[in-house]
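Input: a single structure, listed below in structure tokens.
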Amino acid sequence: MKWMLVVLVGGITPVNTNLVFEKFSECLAAEEQMRKHYADAFEAWDRWAAVNFERRREYARARDVQAKRLLSNVGTCVPHGTGELQPAPPQTSTTPPASPRS
């Protein structure tokens, strides 16, 4: 079975990455790497903001917003089909035909 990495932006909205992996462990490793990139980006922003914001209150508010924006994106690995549709089983009717009334 193949696995696809999907990013949940804000922890809610799924975004297809088109990254498909042969093994589940490879997909999990990619998700971990993605998480690390988001954490690194937040840390870099935080270092910059700590120096450049003049007021502590503004920095604290901006830090909260930036943390939610970057750190609430999570990845998840979902099974990925081959794209071939399987034929649906024939439907059988379980209700008896209506009998005419006279």
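The values are calculated or read from the model by the stated rules, or taken from the named source; none is laboratory data. Keep in mind that what you see is a predicted model, and the values were worked out from it rather than measured. Here Cβ is always computed from backbone atoms with ideal geometry, including for glycine, and neighbour counts include all displayed protein chains. Just the protein is used for accessible areas: all its heavy atoms, side chains included, with ligands, DNA and RNA removed. Shrake-Rupley method; radii C 1.70, N 1.55, O 1.52, S 1.80 Å.
Scanning segment 1-41 for residues that are under 11 Å from the mean Cα position of the chain (by Cα) and open to solvent by 100 Å² or more (accessible area, probe 1.4 Å) gives a single hit, Ile12. Among the conditions (1) open to solvent by 100 Å² or more (accessible area, probe 1.4 Å); (2) farther than 14 Å from Gly10 by Cα, the only one that Gly81 does not satisfy is (1). Please work out which residue is farthest from Met1 (Cα to Cα), limiting yourself to segment 42-63 and to residues that are of a type in the set (A, V, I, L, M) and exposed (fewer than 14 other Cβ atoms within 10 Å of the Cβ). Looking at the filtered set, the residue picked out is Val51.
When segment 19-67 is filtered for residues that are over 30 Å from His80 (Cα atoms) and small (Gly, Ala, Ser), the ones remaining, listed by number, are Ala44, Ala49, Ala50, Ala60, Ala62, Ala67.
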